[in-house]
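Structure, as structure tokens:
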Amino acid sequence: LASILEREQSAEMPAVRRIPAFMKWMKYAAVLAGLLMIGAATYLFFDKKEKVPSGIAGNNYVTKPLDPRRATLVLADGESIQLQENPDSKFQQGQTEITNIDTSLLKYTAHEGLVKPAGFNTLIIPRGGQYKLELADGTEVWLNAATKLRYPAHFGGVTRREVFLESGEAYFKVKKNTALPFIVNAKGMEVQVLGTEFNVNTYTKDIATTLVNGSVRLNATGLQAMLDPGLQGSLSNGRFSTKTVDTEIYTAWKDGQIIFDEISLEEATNNLSRLYDFDFVFSSPELKTRKVGGRLKKEAHIEDVLALIEQPAYVKFNINGKTITVSQVMSK
């Protein structure tokens, strides 16, 4: 399997290592380390070709990653098209040609000189899916799992290019056009740009925009904020906040990776739920707050990911159908 997680050293305590079975005396050290690890960040590393031995209980379901090349296109007239069932196909929508390339890229090509505004199509990505969209103006959009984007078939006859991120996460590489600003509407926040690259995440109630290149202006009712590259702006409880971030952490998903930057186990499992289409149930609320750090490749099997989280985080995962239970383990 491809590599999935990177182990780092915690600044506060020694890293927890895998204990060889023949070193019996080390089990006591492992117990002590486990007690010290509770409440601290868990850092993971995995860079091997062989499969990780997994002690995950109740593995009775196919747990390999889902084929990401899945999406539903809903046209303005309500017609629904399953893109995975129509590989390398073309559709005509008025003066616009829609091409589904290798069931991974949906490309729009519009005739020049269109003066009548187009109807809005919707692209829906299920859990475990990912798709790329090229709008009629040349703007590229990467859509993450559990995402819904509404957009026009072309931008003729309008004064601004406007799309609606109704749920999920999308990365935009906007084609520059100073005469037609590009607007992303995301649950009450408006992101206005001319030509730039940025990520918008609406998975949680705190809507976050991370700017990679260029500049954007964030608008909400009575609020406004400007972002420069390397800044992230969030809208929460009617207020904007900005901070400097490592943009790779928030954009690596479009390149097939997920980076956990000392996030809670609850946030990590929410991410895994979208990637693998599983639901996680915690036996204790305390387990949700434990911290996890590392790097995950999206093609990894979920047992391998969970097996590497289990020991240093001192939790146990039990897979039953489409549900994974997270429980406490005090010693190994």
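For a quick check: sort TYR171, TYR131 by the number of other beta carbons within 10 angstrom, fewest at the front. If you can, show how the numbers build up before the last one.
Details: TYR171 22, TYR131 27.
Arranged by neighbour count, lowest to highest, TYR171, TYR131 become TYR171, TYR131.
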Full extension between SER264 and THR159 adds, at 0.36 nm per residue less the Cα distance, a length in nm of 33.5 nm
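Two decimals is fine: what's Rg over Rh for the stretch 207-264, C-alpha atoms, Kirkwood radius as Rh?
Working: Rg = 12.3 Å, Rh = 12.3 Å.
Value, to two decimals: 1.00.
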Between the residues SER241, TYR171, PRO229, the Cα farthest towards the positive end of the dipole of the stretch 72-250, that dipole coming from +1 and -1 charges on the beta-carbon of Lys, Arg, Asp and Glu, is from SER241
Over 21 Å (Cα to Cα) among LYS175/LYS254; LYS205/LYS297; LYS107/LYS298 -> LYS205/LYS297; LYS107/LYS298
Using every alpha carbon pair in the stretch 164-210, what percent of pairs falls into each 5 Å bin from 0 up to the bin containing the largest distance? 5, 22, 35, 20, 12, 4, 1
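Could you give the semi-axes, largest first, of the ellipsoid that matches the stretch 195-332, computed as the square roots of 5 times the alpha carbon gyration tensor eigenvalues and rounded to whole Å? Walk me through the numbers on the way to the answer.
Details: eigenvalues 211, 53, 33 Å².
Largest first, the stretch 195-332 gives 32, 16, 13 Å.
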Once you compute Rg and the Kirkwood Rh from C-alpha atoms, what is the Rg to Rh ratio for the stretch 72-250? 0.96
Work out, step by step, the length gained on full extension between SER327 and ASP279: first 0.36 nm times the residue separation, then minus their alpha carbon distance; give nm to one decimal. 15.9 nm
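FYI, it's all coordinate maths here, none of it is from the lab. Just so it is clear, the structure is predicted and the values come from calculations on it, not from any experiment. Reconstructed Cβ throughout: ideal geometry from the backbone, glycine too, with neighbour counts over all protein chains shown.
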